[in-house]
Amino acid sequence: MSRHLVLVIALALAFGPSAALAADLAKGKETFKMYCETCHGASGKGDGPGAAGLQPPPRDFTKGQFKFDADKNGKTGEDADLKLVIKKGPGAFGGAAFMPAWEGAISDPDIDNLIAVIHSLKAK
């Protein structure tokens, strides 16, 4: 490994997450509130006011468990899977048809920010 690469990695670790990453998470929280909170709830437990009576209930993001291998690579719940489910809706992958496909309504960068929020909701 070159000294330059080692220096870059060391500096990145020393200075921690950038302000841009924090801003992305903040923007993701706005997107979550606008598009997801009604069903998934403010804390991501699947207990929002729109969740009453939905079967199956909305995903509880605090569990950090995901059902779909949307990109068909043999692993469920990867960012690529989450992005496809958000864009196409879970109904496209055999899941609940009541969650809409957000493709065209939420931009790809905003979906990426949203995925960061979803990951942040996992109970520690």
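Values quoted throughout were computed directly from the atomic coordinates according to the rules given, and no laboratory measurement underlies them. Keep in mind it's a predicted model, so treat the numbers as computed, not measured. Every residue, glycine among them, receives a Cβ derived from its backbone with ideal geometry; neighbour counts consider all protein chains shown.
Taken together, the criteria place Thr76 among residues that are free of Cβ contacts under 8 Å to residues at least 12 places away in the same chain and either of a type in the set (Val, Ile, Thr) or not in a loop (DSSP other than H, G, I, E, B) (or both). When the stretch 56-73 is limited to residues that are aromatic (Phe, Trp, Tyr) and not in a helix (DSSP H, G or I), the one that is nearest to Thr31 (Cα to Cα) turns out to be Phe66.
If I filter the stretch 43-50 for residues that are within 10 Å of Leu121 (Cβ to Cβ), touching a residue at least 24 places away in the same chain (Cβ under 8 Å) and part of a helix (DSSP H, G or I), do I get at least one hit? No, there is no match, as no residue in the stretch 43-50 is within 10 Å of Leu121 (Cβ to Cβ), touching a residue at least 24 places away in the same chain (Cβ under 8 Å) and part of a helix (DSSP H, G or I). Can you pull out every residue in the stretch 31-83 that is in contact with an Asp or Glu (Cβ under 6 Å, 6 or more places away or on another chain) and within 20 Å of Asp110 (Cα to Cα)? Residues satisfying the conditions are Thr31, Gly41, Ala70, Asp71, Ala80, Asp81. Before we move on, is Gly89 buried (at least 18 other Cβ atoms within 10 Å of the Cβ), small (Gly, Ala, Ser) and without any contact (Cβ under 8 Å) to a residue 60 or more places away in the chain? Yes, satisfied. Looking at Asp81, Asp60, Asp69, Asp112, just one residue is of a type in the set (D, E, K, R), surrounded by 15 or more Cβ atoms within 10 Å (Cβ to Cβ) and over 25 Å from Ala42 (Cβ atoms), and that residue is Asp69. Looking only at the stretch 79-124, residues that are within 24 Å of Gln55 (Cα to Cα), out of contact with any Ser or Thr (no Cβ under 8 Å at 6 or more places or on another chain), of a type in the set (D, E, K, R) and not in a helix (DSSP H, G or I) come to 1 in all.
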